[in-house]
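Inspection log for the structure reproduced underneath, given as structure tokens.
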Amino acid sequence: MASITLDNLGKIYAGGTRAVGDVNIDIADGEFIVLVGPSGCGKSTLLRMVAGLESISEGEVRIGDRVVNEVEPADRDIAMVFQNYALYPHMSVRENLAYGLKNRRTPKAEIDRRVDEAAEILQIGKFLDRKPKALSGGQRQRVAMGRAIVREPAAFLFDEPLSNLDAKLRVAMRLEIKELQKRLRTTSLYVTHDQLEAMTLADRLVVLNGGRVEQIGTPLEVYRRPASAFVAGFIGSPAMNLLDAGAVPFLPGSAHAGQVGIRPEDLDVTADGPIELQVTAVEELGAQRLVHGHTAGERMTITLPSDAALSDVLRLTPRPGALHLFDRQTGARMD
Amino acid sequence: MIENRPGLNLLAHLTLIFGVCVVALPVWVAFVASTHGATDFMSGTIPMWPGPHLVENYSQMLGAGVSTSGTPPVATMMLNSLIMALAIAIGKIAISILSAFAIVYFRFPLRGLAFWCIFITLMLPVEVRIVPTFQVVADLGLLNSYAGLSIPLIASATATFLFRQVFLTIPDELTEAARIDGAGPMKFFRDILLPLSRSNIAALFVILFIYGWNQYLWPLLVTTSSDYYTIVAGIKRMADAVDGLPQWHLVMATAMLAMIPPVAVVIGMQRLFVKGLVETEK
């Protein structure tokens, strides 16, 4: 167990491309941090720098009080779960779990105890003598997590561990990872491009874009007060409506802003609403419906209860305090 | 092919049967010859069915050899051949897999040069460099020794490319997982790479064993003492009877015996061999 500190961390590849820059994150002991962003935003690079698989060009990584910039991955006291599981195909599940411990000269009895314990936690006891080839995707994922657990490391690093699973299994495993982390209270750093996964798992989210941190905060903070237009558009599903301020001059504050953001659920249908939505399509989700359309040339989506009346034109009123204003040049939040 | 036309099937089978006959007929004739007496093959008609002298011919060859041609008993020559073939196969695999490991997993100065040096050995088989190689081996005093028989043939890392290809199919994450699991380079090599290349090693072993066993020109050159004659070169010496007719029945018996080890290796390792050549997924 330990805290992790990323201090002005940066990565410049040979050739001068900057993949990551100026990253400052303080991860408390036992905290679950999710790095989220679109592909190519540098989130995996960041994780691999913490793991020691990628060299650090600028700044420092500290695990506990120790600067680990030059420390070998094996000596950083971390365990990593990979996207494609990276199980050793020629070893049985038991050998896969035990391999890291064996290399550390852990006594045999201790290895057996920890492997059995991890197998119990993850319910993979009956697969211990099978080869990874004979397991399903979800089971392999469990084994990969088991390999991390048996090490009892200071921190878990997850690199998109669920993206090879089908949608239903992903939701189930997501919950399991969350429960497991709450139970073990091991500091965790988790990388994903799926904003829903990020929201549901994180104690705190780190939203990355173009190698820089856009915002750090709890899921609700990030959802309610996105620090930039990018975060506003990235977090939340369906995505926030980002309208050009010039197209909706009647909304309060739009005179100074570049973009006005309104969450789809923050718009009410009223008889005299200022926004006129030309409906182009409706998606039924069962519990609610998504209504797509445009107003003054801007695309817009709103969510309505599934029994709400529909017509070709809807007049909408934003709820009070639901407007997000973003700067014209920087895209930063204005209040 | 899922096509199912009887005519096509028949044609395919006829072609295959013809192929088998072309390969098998000389082997059959050799076998028949090895079971007849000394004069039967000189009498004008070649017998097509086995004769009565099978046990006699084979036991003579295995035990005593042919005194007139100066070759030792076949058992000795087969042992020599076996040692040479095994040394070549194992030596080549060891060198190739280690050099492939170095080239794929390490960044070292002059890596490009090392790669090209290995590549050049592809263009320099023994036959091309036979005179200088003989000179080197002779100067080192390795004539008439197992080292002289095998080392010059080991010294080429052609199989490096095969192993390089195998290693490139092993996902990077596996390497990284092993690094995090605390496996150093040699431990990674032993615990992960070797087991994962098992079937490729087996396939290569079959090919190289037969390559080594069938060496003819080089053993003929470096062995002058009959203690180090290999079987393939020995057959040639037996057939060269200067003071009489070649004893074809004994030559053929030797040839039949010489075929057994390669055939045994192929049959014994068939499954791994095929797997090693067709398997792509790791």
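Please go through the stretch B:175-186 and pick out each residue that is surrounded by fewer than 22 Cβ atoms within 10 Å (Cβ to Cβ) and more than 7 Å from every other protein chain (Cβ to nearest Cβ).
Answer for the stretch B:175-186, where residues must be surrounded by fewer than 22 Cβ atoms within 10 Å (Cβ to Cβ) and more than 7 Å from every other protein chain (Cβ to nearest Cβ): B:THR175, B:GLY184, B:PRO185, B:MET186.
For the stretch A:75-96, enumerate the residues that are aliphatic (A, V, I, L, M) and either facing chain B (nearest Cβ under 9 Å) or closer than 21 Å to A:TYR190 by Cβ (or both).
Let us first name the residues in the stretch A:75-96 that are aliphatic (A, V, I, L, M), namely A:78-81, A:86-87, A:91, A:93.
Result: A:ILE78, A:ALA79, A:MET80, A:VAL81, A:ALA86, A:LEU87, A:MET91.
Counting only residues that are closer than 24 Å to A:THR192 by Cβ and assigned to a loop (DSSP other than H, G, I, E, B), which one in the stretch A:226-254 is modelled with the lowest pLDDT?
Out of the qualifying residues, it is A:SER237.
Identify all residues within the stretch B:159-174 that are within 12 Å of another protein chain (Cβ to nearest Cβ) and surrounded by 20 or more Cβ atoms within 10 Å (Cβ to Cβ); write none if there are none. Working first, answer last.
Initial filter on the stretch B:159-174 (within 12 Å of another protein chain (Cβ to nearest Cβ)): B:169-174.
Scanning the stretch B:159-174 gives a single hit, B:LEU174.
Report whether or not B:SER156 is outside any helix (DSSP H, G or I) and surrounded by 19 or more Cβ atoms within 10 Å (Cβ to Cβ). Show your work before the answer.
Numbers: outside any helix (DSSP H, G or I): yes; surrounded by 19 or more Cβ atoms within 10 Å (Cβ to Cβ): yes.
The answer is yes for B:SER156.
From the residues in the stretch A:142-163 that are free of Cβ contacts under 8 Å to residues at least 60 places away in the same chain and part of a helix (DSSP H, G or I), which one is farthest from A:PRO73 (Cα to Cα)? Outline the logic, then answer.
At the first step, the residues of the stretch A:142-163 found to be free of Cβ contacts under 8 Å to residues at least 60 places away in the same chain are A:142-143, A:146, A:150, A:152, A:162.
Applying the additional criterion that residues be part of a helix (DSSP H, G or I) yields A:142-143, A:146, A:150.
Details: A:ARG142: 22, A:VAL143: 20, A:GLY146: 18, A:VAL150: 17 Å.
The residue in question is A:ARG142.
Across the stretch A:281-335, what is the number of residues that are touching a strand residue (DSSP E or B) at 6+ places or on another chain (Cβ under 7 Å), farther than 15 Å from A:LEU242 by Cα and either without any contact (Cβ under 8 Å) to a residue 12 or more places away in the chain or not assigned by TED's automatic domain parsing to the domain that holds A:VAL248 (or both)?
Adding up the residues that qualify gives 2.
Give just the number: which of (1) free of Cβ contacts under 8 Å to residues at least 12 places away in the same chain; (2) in a helix (DSSP H, G or I) does B:GLY141 not satisfy?
Answer for B:GLY141: the failing condition is (2).
Every residue in the stretch A:53-74 that is at the interface with chain B (Cβ under 8 Å from one of its Cβ atoms) and either surrounded by fewer than 16 Cβ atoms within 10 Å (Cβ to Cβ) or closer than 22 Å to A:ARG212 by Cα (or both), please.
Step one: filter the stretch A:53-74 for residues at the interface with chain B (Cβ under 8 Å from one of its Cβ atoms), giving A:53, A:72-74.
A:LEU53, A:GLU72, listed by residue number.
Limited to the stretch A:123-138, what total is found for residues that are in a helix (DSSP H, G or I) and buried (at least 19 other Cβ atoms within 10 Å of the Cβ)? Write out each step before concluding.
From the stretch A:123-138, those in a helix (DSSP H, G or I) are A:125-127, A:132-134, A:137-138; that's our starting set.
Next, from what is left, pick out any that are buried (at least 19 other Cβ atoms within 10 Å of the Cβ): A:127, A:132.
Final tally of qualifying residues: 2.
The values are calculated or read from the model by the stated rules, or taken from the named source; none is laboratory data. Computed from a predicted model, the values in this text were never measured in an experiment. All Cβ positions, glycine included, derive from the backbone under ideal geometry; neighbour counts span all protein chains shown.
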